[in-house]
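Working notes for the structure below.
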Amino acid sequence: MLHLQTRGGLFSYSFSSCSCKLNNLLVIMASSKHLVHTSLKSSFIVAPKPVLNSITPSVPSRLIHTHGHGLIFTAFASKPVSPARQASRLSYRAHPVPPPVSLEDGPEAKSSRLNLLNQKLKEAGIDSGSCAPGQYSGLHCPMCKGGDNNERSLSLYIDHKGDTALWTCFRGKCGWRGSAQALGDTKSTNGDMKKSLKSNKKYRQLDEHSLRLEPLSSELLTYFSQRMISGETLRRNGVMQHKAYNQIVIAFPYRRNGEIVSCKYRDINKKFWQESDTERILYGLDDITGASDIIIVEGEMDKLAMEEAGFRNCVSVPDGAPASVSEKELPPEDQDTKYQFLWNCKEFFEKASRIILATDGDSPGQALAEELARRLGRERCWRVKWPKKINGHCKDANEVLMYLGPDELREVIENAELYPIKGLFNFRDYFDEIDSYYHQTVAFDLGVSTGWRGLNELYNVVPGELTVVTGVPNSGKSEWIDALLCNLNRSVGWKFILCSMENKVREHARKLLEKHIRKPFFNVRYGNDAERMSVEEFERGKEWLSDTFSLIRCENDSLPNIDWVLKLAKAAVLRHGVNGLVIDPYNELDHQRSPSQTETEYVSQMLTKIKRFAQHHSCHVWFVAHPRQLHHWVGGPPNLYDISGSAHFINKCDNGIVIHRNRDPEAGPLDLVQVCVRKVRNKVIGTVGDAFLSYSRLTGEFVDIDESPKQQKKS
C-alpha cells in the first residue's frame, strides 16, 4: 500500500507490503483541485483531472481510496513478482516536490496544456481564444482598453508547445506586461489587475538651457502684438522661442513652483507638439495658487489674452479638446489618463468656489467643457457665451480680444452663466415661454373650447394636462369623450390616439362617423324616419377616420400595461403629430404590481407616468375610470372620490369630470346629460360647476340646451 500525506504544503509518502514491480508502479493522487501522477522513477506532475485521465485511462477508479487526512492507494504492476519480493518491505520518504515540468508532447497533452493556459489568460482579462501557438497576436488591452481610439495595443505570444504566454501593451500610457505558465504561476506588472497612474515613473528634468530656449525675436513679438498680446504679458509667462526642424517656433514652458515641467511648441502653421517623457500639467498653474475663482481655457493664446483683460487666475489645458463627450462612466482618478492634468493639481480646485469654463465655442470646445464639468462638479462651474463679431461669433478668448478689445472680453467673463445641470433650472430659462403666455402669441395656451357653450366657462382642453372622467355604468362617458374629440378636430384640427379596449373597432368607427357626419350609420327607427349616411359620405368619413385617429390594440388575448400604452402613444405623437390620448377604461389595463406595493402606491406611480408623458409631449390625456360598486346609490352622480382604486385619481389629475345621465322621467328628459366639473387645477381655463347637454340616440351627438334646467355654476 502507498500512503501519502501533505505536510507544510509538501508531499510525503511510504510503501508497505509492496508486492509489485516498483519500476512499473503507477500511483494517482486525487484531490478537489488536481491530480498527481508519479512513479519511483519520475517527478510529480500537477495537472487537471481531464489531462491525467487522458494519460492513464487504464487506472480504474476503484483503486483510489482515502484514509484520514492523507490518501491510500492500491498499487498494481504489469508483471507478477517472486514470493521473496512479496515478503520484502520497503519504506521510502520523499524529498520536497520539485518545480512542475511539462507533460509529454502528445497532441492530447498539448491541447490540455493550451486549454489550461487560455484559462489563466482569461483570469488575467486576456481573451486569447483566437490566438495560435508560436505566433504574435494583437489584442485589446484589458487595462487601458486601447485608449480613445480602441487600439489593439496588446501583443500576446504563446510558445509553440502551449506552455508559456508573454504579453506587453505598447500604448505609452499603459505599458502593462506579464507572463503565464500552463503549469505555473501568472505574473504581471500589476498584480491587482488595476492600472495605477500614480507610479514611480521618472520624468525628464528640464530647464531653459537643456531645451535651448531663446528670447522672442522681433518677428515673433510683432506676431503677438497683432494678436493684442503685449511683451510684458509674454515675459511674465516666460514665452520664448526654440529652433526646431530648421525653423523658429514659439515655446510655451509649463511651470510648477517656477520650475519647467514640460514645454509645448507651436509653429507658424499652428502645429503643436510637446516634449516627451514629461508630466502633463495645466499651463499657468502657478497663477491659480489659492484662487477662489479659476478660469479654464483651451489654448495658451487664450490664457495670454485673459491676462490682457485683467485675469491672471487662468489656466489652459495641455492637450486641446476631445472630438466629443465620452459616453463611458468616469474612470477612477488614478486611471483617468487623459485628464491627469486635473488630478495632479487637485488641491488647487478644492479651494476654488467658482470655475469658469471659457473653452472654444465649437463642438470640441463644448465637449471639453462638459468633460471638465463632469470631473470638477457642475454645481460650481460657470460657462461663457462668446459674443458676435462681423462675420459670426467669436470662437475663443483671443478672438474676442482681437476683434472687440479687452473690455468686451472682461465683460464676457463677468457675465458668465451657471453651467447647466440636467433637471435644475431657473425661471430665466423659461422667459420666452412665459412671455408668449402673457401676450398669448402661442395658440391654445388658454385652452381649446369644448364646442359646447354651456361648458366653456367650466372646462377647456389644455395640451399637456390629464383629465380623469368617471360616471356610473351606461352614463355615456365614452360617448361624451368621442363627441368632444369630434368637436376639437372640427374646430382646431386635433388628432388623437385611442386605447379603447371595451369597444370593438367597427363599433367605435360607427359611433365616431355618426357624430362626425351627423347621420345614422344604419337605417333605424327612433320614433321617426332618419336618413342614413350615403356611400359617398361613408367613404369620406373613412378618410377622416384614417387622418384623425390612431389605435392602440392588443393583437392577442393579453391586456396592455400602462408602459406599453405610453410607449405606443409616444410613437404616435412623433410619427402622426397626435394632440390627445384616450385611455378607456382603467380596469381594462394590466395592473401587475409587486407584492410589496399597495394599490394606492401603484395608482400614484401610474398617474405620475401619464402626467409626465402629457407634459413632455404636450398631449392632453383623457383617462376613464369607473367608480367602485355603489351599494347605496340613489340615482345621483357619483363623486371623484368614489373611483375604484385610490383617491389619487382626484389628487393627481388636472381636471376631474363626472358624466351622469338622467334615468328618472320625473326629473327631466331621459336624454339629459349632466357634465359635472369637479376639479380644475388651472383657474385660468375653468372652474368647478355643472353643465347640461342633450344626447341624441340617433347620431350620438351632444348638443347645448338653452332652456331648463339652466346651467348651475358652483363657487
TODO: May I ask you to say which residue of L512, L485 is buried (at least 21 other Cβ atoms within 10 Å of the Cβ), at pLDDT 95 or above, touching a helix residue (DSSP H, G or I) at 6+ places or on another chain (Cβ under 7 Å) and aliphatic (A, V, I, L, M)?
DONE: L512
Task: Tally of residues being touching a helix residue (DSSP H, G or I) at 6+ places or on another chain (Cβ under 9 Å) and either of a type in the set (S, T, Y) or surrounded by 15 or more Cβ atoms within 10 Å (Cβ to Cβ) (or both) across region 342-351 - done: 5
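Name the single residue, out of those in region 303-329 being part of a helix (DSSP H, G or I) and touching a strand residue (DSSP E or B) at 6+ places or on another chain (Cβ under 6 Å), that is surrounded by the fewest Cβ atoms within 10 Å (Cβ to Cβ).
K303
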Open item on the list: Pull out all pairs, ordered by first then second residue, where Cβ-Cβ is under 9 Å, the residues are six or more apart or on different chains, the first lies in region 383-403 and is in contact (Cβ under 8 Å) with a residue 12 or more places away in the chain, and the second is of a type in the set (S, T, Y) and in a loop (DSSP other than H, G, I, E, B).
Closed with: R383/T359; R383/Y419; V384/T359; D396/T359
TODO: Kindly indicate whether any position in region 488-509 is farther than 22 Å from A569 by Cα, of a type in the set (S, T, Y) and crowded, with 19+ Cβ neighbours inside 10 Å.
DONE: no
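Residues checked against (1) modelled with pLDDT under 85; (2) more than 24 Å from F702 (Cα to Cα); (3) among the aliphatic types (A, V, I, L, M); (4) surrounded by fewer than 13 Cβ atoms within 10 Å (Cβ to Cβ):
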| residue | (1), (2), (3), (4) |
| --- | --- |
| I552 | no, yes, yes, no |
| E555 | yes, yes, no, yes |
| I562 | no, yes, yes, no |
| S594 | yes, yes, no, yes |
| Y602 | no, yes, no, no |
| A614 | no, yes, yes, no |
| N639 | yes, no, no, no |
| K652 | no, yes, no, no |
| N655 | no, no, no, no |
Task: Answer residue from region 602-657, given it is β-branched (V, I, T) and over 25 Å from E479 (Cβ atoms) and is farthest from the chain's Cα centre (by Cα) among those - done: V603
- [ ] Scan (1) assigned to a loop (DSSP other than H, G, I, E, B); (2) surrounded by fewer than 17 Cβ atoms within 10 Å (Cβ to Cβ); (3) not charged (D, E, K, R) for the single condition T608 breaks and write down its number.
- [x] (1)
- [ ] Consider V677 carefully, then state whether it is aliphatic (A, V, I, L, M), out of contact with any Gly (no Cβ under 7 Å at 6 or more places or on another chain) and closer than 19 Å to V462 by Cβ.
- [x] no
- [ ] Report yes if C141 is under 33 Å from the mean Cα position of the chain (by Cα) and not in a strand (DSSP E or B), otherwise no.
- [x] yes
TODO: Any chance you could count how many residues in region 392-432 are among the small types (G, A, S) and within 19 Å of F224 (Cα to Cα)?
DONE: 2
TODO: Would you mind stating whether S210 is more than 45 Å from the chain's Cα centre (by Cα), hydroxyl-bearing (S, T, Y) and modelled with pLDDT of 80 or more?
DONE: yes
Open item on the list: Given the condition surrounded by fewer than 18 Cβ atoms within 10 Å (Cβ to Cβ) and at pLDDT 95 or above, answer yes or no: does some residue in region 272-287 qualify?
Closed with: yes
- [ ] Could you please give the count of residues in region 288-300 that are at negative phi and either surrounded by fewer than 15 Cβ atoms within 10 Å (Cβ to Cβ) or touching an Asp or Glu at 6+ places or on another chain (Cβ under 8 Å) (or both)?
- [x] 5
- [ ] Would you be able to say whether some residue in region 317-335 is at pLDDT 95 or above and of a type in the set (A, V, I, L, M)?
- [x] yes
Task: One residue from D529, D547 being among the acidic types (D, E), modelled with pLDDT of 90 or more and either surrounded by fewer than 14 Cβ atoms within 10 Å (Cβ to Cβ) or under 50 Å from the mean Cα position of the chain (by Cα) (or both) - done: D547
Task: Subset of region 568-604 (residues that are within 25 Å of L512 (Cα to Cα) and among the charged types (D, E, K, R)) - done: K570, R575, D584, E588
Task: Pairs with Cβ under 6 Å, 6+ apart, first in region 597-617 and small (G, A, S), second not in a helix (DSSP H, G or I) - done: A614/G464; A614/L466; A614/V621
Task: Which listed residue is at pLDDT below 85, among the charged types (D, E, K, R) and either buried (at least 20 other Cβ atoms within 10 Å of the Cβ) or not in a loop (DSSP other than H, G, I, E, B) (or both), from K161, K110 - done: K110
TODO: Please tell me if Y430 is touching a residue at least 24 places away in the same chain (Cβ under 8 Å) and either crowded, with 18+ Cβ neighbours inside 10 Å or over 23 Å from M301 (Cα atoms) (or both).
DONE: no
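The values are calculated or read from the model by the stated rules, or taken from the named source; none is laboratory data. Note that the structure is predicted; figures quoted are calculated from it, not measured. Here Cβ is always computed from backbone atoms with ideal geometry, including for glycine, and neighbour counts include all displayed protein chains.
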